[in-house]
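The values are calculated or read from the model by the stated rules, or taken from the named source; none is laboratory data. None of these values were measured; they are calculated from a predicted model. Here the Cβ positions follow ideal geometry from the backbone for every residue, glycine too, while neighbour counts run over all protein chains shown.
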């Protein structure tokens, strides 16, 4: 094991301290022993003085057998601190009286009696966990022994003092060691270790290439001399290195050029001769991009390999090199070894190698970028169209409201047998179909954002198939397992996707055929080929056996207003694409002319099977209103007029206004007059003023029980679907007719 200098110093300090500690201990132990002996001697003298003081009275009491007086005397003697037991014996060692902590004191044996000429015996013993000093003294009368007295004295206090002395001595030694360690470490660090560490760090930096690095000289001793010598050596090495670098710079630059160009570039790099285009060298990036090996390419020309897809691009490259000596960012398509095409961005320059003109070219594969650009352009087109479509659909719905409303009023006044009734009914149906077209336009608008909830794809697909294929010659083959996961999606929009795809399949198979619909759960990894976030998805396929789609048309099928059908409007698949994108999914298509088409959809799933949630619904008491005062707020005069006509026919008194501000003013006035409006029908969007949402907030802030209805041409607006969350009591979408008005007003809660 390699020891650092500081570790070695610490070991040396520890050894020195242990040696010093051993010397101190050797001196201290005899001292402690002498102290112990001195303390014992003092205790012996104390006990002897106690016995000598009471020996004569005690002898008389033993001689006269006065045990009561003897007992009182022993009690008084035992009051001396440290005495734990006193016993009196006759001259044969038989116990006469005992006072203390050992009531069963045994008789004295000869070994515990002082032998003449000695009159006392002192020894140490252990009783239980207590160390004691035993003092036995002969009791004499006229130099004749008539008995003995034994005193047991506890040595606990002496031992405690001795332990305390040892602890003080140990603590003193430990403190000395810590102080010695800190002081010596500090001194050695400053004087030896830090300068040597600085030299070591400088040498490591020098090894890493920091030649000429200098270390500060902090002393004039041997270490200072060593530092000075190191600094001189560092300067000499730096000078030598610069000289070598100067001599080899040209060679290294040449090597770096090829190393950077061929080994580190992810792009396709090649060098070819200027006069005949013969390939001289290619990079690994060239091999990866084209699929050709070095053996395929070196010594051959681009024309032999048929790499250039469009010869005009090659001519543009040659012309640019001849005129300018370089070409930058030439976009061209190249043919790989397997025949597939890639799009590249090429830059080339004329260079001289051994006096011969060569071309070095670097081509970056931008195929994926071009595809992303196409996709982004498509999304931008859809988004810009969405803004336009939303405005058109809104205005279109307002116009349809006037048409549909007037037709519904006219029908009320006509008998069903009237000749005008059927044309009016057909016109009303046409306005309904026009409303459906406006609904498709709204898919592109801001109002078409998905209103998501948990839905079952299995249920939606089966419902769409049942409705769309009823009465057709198409046979549906459905392969959707019960384990398919649920979606969090806009039920209406996803249903629209399924309806459009199924309708496309039926139109592609006018003579009948099979439509296969499958679904499966999939997990997409990070950086997948679909460019979707990683996670759990549902993969849906709709495969028909129809006429198929040509390669040129396949590129444009999701473009708005692109259609190959004489009766189509070009919004079906564009709506599908927009809805799938709004749901963070992916849609792709594969098709072969004459064999059929397959649409592939990926949608994020919840990762679990759909669960049926039942909600207890408390039926509301409907008002069944017939008559009353209603306020209609809409910026379109035609809408106000038709709404007023419908409501008047239904028996209501109608007041109209064109702005949210006026609606607030009129509602306040109706409340103050004691006849508040039965309800207020509020247009959601008012250009340049307060719309229905903002006006409703202000009315409800003053009158929380106000009954408000929201109306809008944006049927997909979240407020229309979740009107309760915004304080409205109901909603009616434009275009509407008199029956829809009657139904909505009849469903309002009674007041």
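Taking the criterion of being buried (at least 17 other Cβ atoms within 10 Å of the Cβ), over 15 Å from residue 366 (Cβ atoms) and within 43 Å of the chain's Cα centre (by Cα), would at least one residue in the stretch 284-291 satisfy it?
Looking only at the stretch 284-291, we keep the residues that are buried (at least 17 other Cβ atoms within 10 Å of the Cβ), and these are 285-286, 289-290.
From what is left, the residues that are over 15 Å from residue 366 (Cβ atoms) are 286.
Within this subset, residues satisfying the condition of being within 43 Å of the chain's Cα centre (by Cα) are 286.
Yes, that holds for at least one residue.
If you check 342, 327 for being within 20 Å of residue 296 (Cα to Cα), in the same structural domain as residue 291 (by TED's automatic domain parsing), without any contact (Cβ under 8 Å) to a residue 60 or more places away in the chain and in contact with a helix residue (DSSP H, G or I) (Cβ under 6 Å, 6 or more places away or on another chain), only one passes: 342. Kindly indicate whether any position in the stretch 614-626 is modelled with pLDDT of 90 or more and either touching a helix residue (DSSP H, G or I) at 6+ places or on another chain (Cβ under 9 Å) or in a helix (DSSP H, G or I) (or both). The answer is no, given that none of the residues of the stretch 614-626 is modelled with pLDDT of 90 or more and either touching a helix residue (DSSP H, G or I) at 6+ places or on another chain (Cβ under 9 Å) or in a helix (DSSP H, G or I) (or both). For the stretch 219-231, the condition holds for at least one residue, the condition being that it is over 30 Å from residue 11 (Cβ atoms), surrounded by 13 or more Cβ atoms within 10 Å (Cβ to Cβ) and modelled with pLDDT of 75 or more. From 533, 481, 510, grab the single residue that is assigned by TED's automatic domain parsing to the domain that holds residue 601, under 24 Å from residue 575 (Cα atoms), exposed (fewer than 15 other Cβ atoms within 10 Å of the Cβ) and at pLDDT 90 or above. Being assigned by TED's automatic domain parsing to the domain that holds residue 601, under 24 Å from residue 575 (Cα atoms), exposed (fewer than 15 other Cβ atoms within 10 Å of the Cβ) and at pLDDT 90 or above holds for just one of 533, 481, 510, which is 533. Assessment of the stretch 301-321 against the conditions (more than 52 Å from the chain's Cα centre (by Cα), part of a loop (DSSP other than H, G, I, E, B) and modelled with pLDDT of 90 or more) yields at least one matching residue. Only one of the numbered conditions (1) surrounded by 22 or more Cβ atoms within 10 Å (Cβ to Cβ); (2) modelled with pLDDT of 90 or more is violated by residue 734, and that is (2).
Here 151, 179 are screened, and the one residue that is loosely packed, with under 12 Cβ neighbours inside 10 Å and either part of a strand (DSSP E or B) or modelled with pLDDT of 80 or more (or both) is 179. I'm trying to understand the selection: among the residues of the stretch 276-296, which are in contact with a strand residue (DSSP E or B) (Cβ under 7 Å, 6 or more places away or on another chain) and either farther than 17 Å from residue 343 by Cβ or modelled with pLDDT under 85 (or both)? Result: 278, 279, 280, 281, 282, 283, 294. Being in contact (Cβ under 8 Å) with a residue 60 or more places away in the chain, assigned to a strand (DSSP E or B) and under 26 Å from residue 454 (Cβ atoms), is that true of even one residue in the stretch 509-521? Yes, the conditions are met somewhere in the stretch 509-521.
Considering the stretch 647-672, the residues that are assigned to a helix (DSSP H, G or I) and out of contact with any strand residue (DSSP E or B) (no Cβ under 9 Å at 6 or more places or on another chain) include one that is nearest to residue 746 (Cα to Cα), namely 649. Of all residues in the stretch 689-709, those being more than 19 Å from residue 629 (Cβ to Cβ) and free of Cβ contacts under 8 Å to residues at least 40 places away in the same chain number 8.
All of 136, 141 fail the test of being buried (at least 16 other Cβ atoms within 10 Å of the Cβ) and in the same structural domain as residue 13 (by TED's automatic domain parsing), apart from 136. Taking the stretch 41-84 as the range and being closer than 21 Å to residue 158 by Cα, part of a helix (DSSP H, G or I) and free of Cβ contacts under 8 Å to residues at least 12 places away in the same chain as the test, the residues that pass are 41, 42, 45, 49. State whether one or more residues within the stretch 91-106 are in the same structural domain as residue 63 (by TED's automatic domain parsing), over 29 Å from residue 61 (Cβ atoms) and not in a helix (DSSP H, G or I). No, that holds for no residue.
From the list 660, 713, the lone residue that is closer than 30 Å to residue 492 by Cβ, at pLDDT below 90 and either more than 43 Å from the chain's Cα centre (by Cα) or surrounded by 19 or more Cβ atoms within 10 Å (Cβ to Cβ) (or both) is 713.
Evaluating residue 635 against the criteria (1) touching a helix residue (DSSP H, G or I) at 6+ places or on another chain (Cβ under 8 Å); (2) modelled with pLDDT under 90; (3) assigned by TED's automatic domain parsing to the domain that holds residue 737 leaves one unmet condition, (1).
Exactly one residue out of 46, 74, 29, 97 is over 27 Å from residue 114 (Cβ atoms) and surrounded by 11 or more Cβ atoms within 10 Å (Cβ to Cβ), and it is 29. Filtered by the rule that a residue be touching a strand residue (DSSP E or B) at 6+ places or on another chain (Cβ under 6 Å) and at pLDDT 75 or above, the stretch 232-272 gives 267, 268, 269, 270, 271, 272. Considering the stretch 673-685, the residues that are out of contact with any helix residue (DSSP H, G or I) (no Cβ under 6 Å at 6 or more places or on another chain) and surrounded by fewer than 24 Cβ atoms within 10 Å (Cβ to Cβ) include one that is farthest from residue 749 (Cα to Cα), namely 685.
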